[in-house]
Each structure stands twice: as C-alpha cells, then as structure tokens.
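Here is the structure we will look at.
Bear in mind these aren't lab numbers, they're just calculated from the coordinates by the rules spelled out. The shown structure was predicted, so the numbers you read here are calculated from the model rather than taken from an experiment. Reconstructed Cβ throughout: ideal geometry from the backbone, glycine too, with neighbour counts over all protein chains shown.
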C-alpha cells in the first residue's frame, strides 16, 4: 500500500533564491525502510518536512505539485492531523522538547490529540520501556545529555502512534553505543510494520538495515534503489557521499583484480566474503 | 600547553560531571575526546575556555592558572564552538555573524573582512554570505558557527561535535582546514562521537565515562580496545569490526586494525599470497 506519494512536487522557501525541492516524484510503500542521503543543504530535511506537512503548512513558500500522505493532500490537511500518520524527529532534540519531565513530554503529544488518559498512561509506560528511560522518568529534559534527549524525543513521537517515523539524523548527537541502540529500535519498529524514513550521512551505520537508499543532490533525487547498487554508483563519489569503508575496500580490491562475489555493507560481510573467496 | 589537575565539577553542586580529571595537552596536538553521552566531555572543554570553573582542582594555560584570568582573556586564546549552533548564532546574516566576534576581539574592519571571507570560502559558505543563518540547513548553520570561531585564529581550538550534519565532502573540507591550522601550530581539540573522523585525523584520543578519563593514548590503540569500548559506550570502528571477523576465520590476522590500508593489504595477502 502506498503511504507517501510525491507528485511532481517543488518547493521554495520564502526569501530563498533557489528551489529546495525540484520536481520530486516519489512513492514510498508501507513497511519500507528508506534511507535518504546527500550533500548538506540538498533538500533532505525539506523532503521530510513535506511528508509530515510542516512544508507547506508551517514553512511557507512557493509550491508546485502535491504530496499525499496516506492519501491526504498535505496542502489541505493540518500538521496536527498529519502528525498521527507521520511523526518526525529532528536534528536537535532539545528544540523539540517542551515540558518539565520525561513522563509529561511523552504524554504531551497524545494529550493534544485528545487520547483518553488511561490510554496515554499505557503509551507512556510502553515508551519508557522501549527506550530504556526508567532512570530518567522524573528528569527535566535540559538536565539530560543529547543522547538521552533524543531517546525522549523519539519516545514522545512514537506515543502518538504514527504509521511513518521520519528521523532526521537522529543519531548524530549520540555516543556510538546509544546510536547503535536507536538504530536497533528503528530496525525493530520497521520489522513490526512501521514505515521508517531516515536521513543519515553515516551510511556505514545504516545501509545494512535499509531496504532502499535515496540519493539527493540540489533538490532532486539523483538515484533510488537497493543499497548495494546505489552505493557502488560513480555519482556517489561525484557528489561526495560517504561510502562505507567495507565498500571502499571492495572497490580497491576490484581495481587490483580481486572481485568479491557481492558488495559488502559491513565489516562482517566483508570478512565473510573474503573467507568464501579464499576457500573457493 | 593545557594542563588540568584533578578537576572536579558538579552542576548545581549535585550532578557530578567531572570526578577528578587530570590531563595534559601539548601545544600543536590534535586530540579527540570521545565517550558516553553525559560522560563530561562538554563540561571538560568548557573548563578549558573558562566558561566553567573547577570546583576543585586547577586548570592551567601554559603556566597561568586560569582561575586568575577572565573569560574574555581566555577567549582570545581558546576558541570554543558549541555543539548546538543555535546557541551561538543570533545575527541576521552569515557575514555579520562572522564579523561580530572578530570586531569584539579588536580586529580592524579590513582585517576582519579578510579573515571572514577566507574562512567562509574554506568552509564552502561564500555563496551564503548574505543569508540569514536561520534560513540555512542544520549542516550549514553548524559550519557558520565553526567559521565564526575559526576566523579569529585562536591558538587553541575546542570544537564540540563539529561533524554533526556534515556530509562526507564537508567533513573533508573541515578536516583539511583543521589540519592546516594545526600545521600552523594551533592545538585542535574535538569532542565527537564520530569514530571514523577520529581515526582518520586525530592521532591521540581520550575516552571518558562517568566524569573520568578511562583511556588516553594513540587513537588506534584506544578505539580498538574492547574494554574501553565497553566502558565508554564506543563501538568498534568499521575496519576493526572487519579485522575481528577476519581474525575469527584466519587466526594470524590482527584484530586491532583500524585503517583502510591495513585491511586492504591484509585481505590482498590472504587472497593472493595464500594463507598468512
């Protein structure tokens, strides 16, 4: 089932000289795990905002074309309505946190959607379990580290039970272990049926989980497909995408006449392939 | 030279952020500080530029005890770039933002303009000079915040998470600029979670957890140490993961490799030279 559909959509922020998005055509099916990557300023964040309706409902500007989220045209539906379909976590979690403690923060979204109190309580508990927030329950968001704040931000978005989770570089403030645990949660949520749209530069961390990678440059989609195909395209080097090191080794070996049978997305895959070839 | 002697600090006297940190950073070093969220990394570098003062212990810049220096005095020598650029940016164009600090530090109009434009160029921001920082992308705002500090050429640069929101190309430009400043004698200190960035550009790494320094040494040694990884919430660098997996198949392979070249050579040897 199609959850997100961009139909020849373009957008320019008020006061900006260039289009942030240029004639985007894109379809995302329910249950996909899509990683969006591309140079800084290429339109990744705008694309995310266009999915949850912040563009054009909050960020105004010149619009052409349409975006449909679960068949709702984002031009005609308020962010409040779209937020129950597509929840978004931003680059800076502390810009997103508004209340005095973690429980209230998680309850804030569902309260504003008019969810009954009992249901809110059970959602808060569920989120505290899933994100391992028990120790932080009564803490003020500003007493927490960036990583803890991001876990709270994610928990508070998921408490609104969206069908699509949009995460805009959710791990960049996190220590590597916490980053790994957030990515594991995203992967788990995706396996439970959640559609995940993740903006990320560090592809070595996420390309194994993704079902699809979308490459953007200057407001356009320049490549879209299976991670192993996309990350070996020449265009990645041309626009400066950070190719995972395992793939860099694959390419270097290939130049030197050693071809591994598959493109490795991680160190483990690389080692396995080397073992296979050495035994062949 | 920067020296911290048994520095202790607790926010509001309760939340212990540094529990006795001692450390020496020599002039001209490039050093990365890594570790668990909440380990005290940001608190540590705020002590280096005097934004925070030790509740116990001492901080020295060269031979001077910073307790006797004002923040303004220290700021001339130590440039700090915050993690969140929104805490730092407040003017309505990128250029004004850069010129503001330079003028405050007493540079002439002409000198300020020259430094501003050369720094903006190196960070790929020249085209954005008239834009409002708030209309820029997260990665661009981050670079504006970096530029506003780098332009003053402080002797010591302390950068809190400089690579957040940066794509591979911007990261390389930033690294090249930092290397250039380092070769000119500046000390460069970064707080970061970006393992691959550290491996490529920083010879020394300090790993922290729970307000203390757990390890301090050569980057490859620190980051490939599984005990340190566990204590400081670090994960194996991608090449160390590959090395560990390779070592489980080929027992003579070292499981402590961190660099691409080492891995490539090892794999080539396995596949072309027979078993090693």
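Structure notes:
- Peptide-level mean, for B:77-90, of C-beta atoms on other protein chains within 10 Å: 1
- Number of partner chain Cβ atoms within 10 Å, mean per residue of B:164-175: 6
- Residue A:17-residue B:53 FRET efficiency (beta carbon distance; Förster radius 60 Å; 0.05 resolution): 0.85
- With the simple model of a label 7 Å out from the Cα in the direction of the Cβ, residue B:135 to residue B:87 spans 2.8 nm.
- Hull volume per residue, based on the alpha-carbon atoms of region A:133-184 and their convex hull, is 90 Å³.
- Point-to-point label distance, residue A:71-residue B:22, nm (Cα→Cβ direction, 7 Å offset): 7.1
- Computed from the alpha carbon positions, the gyration tensor of chain B leads to an equivalent ellipsoid with semi-axes of 35, 25, 16 Å, biggest first.
- Taking a ≥ b ≥ c as the square roots of the eigenvalues of the Cα gyration tensor, the protein assembly as shown is classed as rounded, since a/c falls below 1.5.
- For the pair residue B:216 and residue B:269 in one chain, pulling the backbone fully straight at 0.36 nm per residue adds 15.8 nm over the alpha carbon distance.
- For region A:176-220, the square roots a ≥ b ≥ c of the C-alpha gyration tensor eigenvalues yield an a/c of 1.5 or more together with a/b not exceeding b/c, which makes the shape oblate.
- More than 21 Å apart - percent of Cα-Cα pairs taken over region B:21-94: 34
- Extension gain, residue B:63 to residue B:113, is 14.7 nm, computed as 0.36 nm per intervening residue step minus the present C-alpha separation.
- Peptide-level mean, for B:254-264, of C-beta atoms on other protein chains within 10 Å: 2
- Chain B - mean residue ellipticity at 222 nm from DSSP helices (-39,500 (n - 2.57) per run, n ≥ 4, rounded to 500): -12000 deg cm²/dmol
- For region A:53-170: span of alpha carbons on each principal axis (Å, largest first): 47, 30, 20
- Contact order for region A:23-156, expressed relative to its length and based on alpha carbon pairs under 8 Å spaced 6+ residues apart, stands at 21 percent.
- Whole-number percent relative contact order across region B:84-178, with pairs defined as alpha carbons under 8 Å at least 6 apart: 36
- When Rg and Dmax are taken over the Cα atoms of region A:1-109, they come to 14.6, 43 Å.
- Seen through its C-alpha gyration tensor, with square-root eigenvalues sorted a ≥ b ≥ c, region B:71-111 comes out oblate because a/c lies at 1.5 or above while a/b is not bigger than b/c.
- Among beta bridges from DSSP that stay inside chain B, the antiparallel ones total about 55%.
- With Cα atoms defining each centre, region B:134-199 and region A:243-278 are spaced 31 Å apart in the structure.
- Per-peptide packing, taken as the mean over residues of other Cβ atoms within 10 Å, places B:64-77, B:189-202, B:226-239 in the sequence B:189-202, B:226-239, B:64-77 from highest down.
- Sorted peptide list for A:130-141, A:110-121, criterion being average Cβ within 10 angstrom, highest first: A:130-141, A:110-121
- Label-to-label distance, residue A:228 versus residue A:79, with points set 7 angstrom from Cα along the beta-carbon direction: 4.1 nm.
- Principal axes of region B:154-237: Cα extent on each, largest first, Å: 34, 27, 20
- Sites residue B:103 and residue B:177 - FRET efficiency at Förster radius 25 Å, r taken between beta-carbons, to 0.05: 0.70
- The alpha-carbon positions of chain A define a convex hull whose volume is 138 Å³ per residue.
- The share of C-alpha pairs in region A:99-244 whose separation exceeds 19 Å stands at 57 percent.
- Helix-derived mean residue ellipticity, 222 nm - over chain A, DSSP H n ≥ 4, -39500 (n - 2.57), to 500: -11000 deg cm²/dmol
- Between residue B:252 and residue A:27, the FRET efficiency estimated from the beta carbon spacing at R0 = 51 angstrom works out to 0.50.
- Across chain A, the relative contact order, built from alpha-carbon pairs under 8 Å that are at least six residues apart, equals 22 percent.
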